[in-house]
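To start, the structure under review is shown below, and the notes come after it.
The values are calculated or read from the model by the stated rules, or taken from the named source; none is laboratory data. Everything quoted here is computed from the prediction, not taken from an experiment. Neighbour counts are summed over all protein chains in view; Cβ atoms, including those assigned to glycine, are modelled from backbone coordinates with ideal geometry.
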Amino acid sequence: MWSTGQYLDLHWRPQYLICNPCYIKYHFIGRFENLKIDAKHVLDTLTATGSNATFPFLHYFDSSVPLSSRLNLFYSSVSRDIVRKLIHMYKWDYELFGYDYRRIYDMHQYARKK
């Protein structure tokens with residue numbers, strides 16, 4: 001639930017609430033920033049078992065623009081209070097999946113100075 005008391009759309013819910021990492025032992029956890037490589041790894045594994053699964057690669061962003069530049073653009077338009085609330089909301093995702101939420105504060109401060 002978000003602070004308004006409304007349930008969040010499935011796409012915005014913290015992942016730990018969706019994938020139950022405390023109850024399911026996953027063999028592989030992919031990361032969005034490694035999507036092509038991670039998807040290939042999973043598909044190669046499935047292909048080895050006889051599956052003909054494919055991944056629909058879509059290009060939403062200009063890959064010539066570094067991720068750090070895109071994040072700076074996004075964070076420059078968000079208040080510190082919103083960043084704090086988002087970090088609180090997704091804190092367990094950061095912890096469980098190996099991300100350092102303190103970097104978000106650093107990126108936000110850097111983006112707001114520009």
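Going through (1) in a loop (DSSP other than H, G, I, E, B); (2) basic (Lys, Arg); (3) surrounded by 12 or more Cβ atoms within 10 Å (Cβ to Cβ) one by one, Lys85 falls short only on (1).
Identify, from the list Tyr60, Tyr23, Tyr16, the residue that is part of a loop (DSSP other than H, G, I, E, B) and either in contact with an Asp or Glu (Cβ under 7 Å, 6 or more places away or on another chain) or modelled with pLDDT of 80 or more (or both). Before you say what the answer is, go through the steps one by one.
Numbers: Tyr60 fails: either in contact with an Asp or Glu (Cβ under 7 Å, 6 or more places away or on another chain) or modelled with pLDDT of 80 or more (or both); Tyr16 fails: part of a loop (DSSP other than H, G, I, E, B).
That would be Tyr23, the only listed residue that is part of a loop (DSSP other than H, G, I, E, B) and either in contact with an Asp or Glu (Cβ under 7 Å, 6 or more places away or on another chain) or modelled with pLDDT of 80 or more (or both).
Test Leu46 against the criterion of being within 16 Å of the chain's Cα centre (by Cα) and not β-branched (Val, Ile, Thr), and give yes or no.
no
Here Gln6 fulfils each of the conditions (1) of a type in the set (S, T, N, Q); (2) touching a residue at least 24 places away in the same chain (Cβ under 8 Å); (3) surrounded by fewer than 10 Cβ atoms within 10 Å (Cβ to Cβ) apart from (2).
Could you list, in sequence order, all residues of the stretch 66-78 that are among the hydroxyl-bearing types (Ser, Thr, Tyr), closer than 18 Å to Arg102 by Cβ and exposed (fewer than 12 other Cβ atoms within 10 Å of the Cβ)?
Taking the stretch 66-78 and keeping what is among the hydroxyl-bearing types (Ser, Thr, Tyr), we get 68-69, 75-77.
Restricting the remaining residues to those that are closer than 18 Å to Arg102 by Cβ gives 68, 75.
Once the filter is applied, which keeps residues that are among the hydroxyl-bearing types (Ser, Thr, Tyr), closer than 18 Å to Arg102 by Cβ and exposed (fewer than 12 other Cβ atoms within 10 Å of the Cβ), the stretch 66-78 yields only Ser68.
Condition (residue is part of a loop (DSSP other than H, G, I, E, B), in contact with a Lys or Arg (Cβ under 8 Å, 6 or more places away or on another chain) and within 25 Å of Tyr16 (Cβ to Cβ)) applied to the stretch 67-81: is it met by at least one residue? No, every residue in the stretch 67-81 fails to be part of a loop (DSSP other than H, G, I, E, B), in contact with a Lys or Arg (Cβ under 8 Å, 6 or more places away or on another chain) and within 25 Å of Tyr16 (Cβ to Cβ).
Can you name the number of the only condition in (1) at pLDDT below 85; (2) closer than 24 Å to Lys113 by Cα; (3) among the small types (Gly, Ala, Ser) that Ser79 fails? It is condition (1) that Ser79 fails. Of the residues Lys85, Lys113, Lys91, the single one that is of a type in the set (Lys, Arg) and at pLDDT below 75 is Lys113.
Evaluate the following for Tyr99: is it at pLDDT 80 or above and assigned to a loop (DSSP other than H, G, I, E, B)? Criteria met by Tyr99.
Sub-8 Å Cβ pairs linking a first residue in the stretch 18-30 that is β-branched (Val, Ile, Thr) to a second residue that is in a loop (DSSP other than H, G, I, E, B), at least 6 apart or interchain, are Ile18/Leu10; Ile29/Phe97, ordered by first then second residue.
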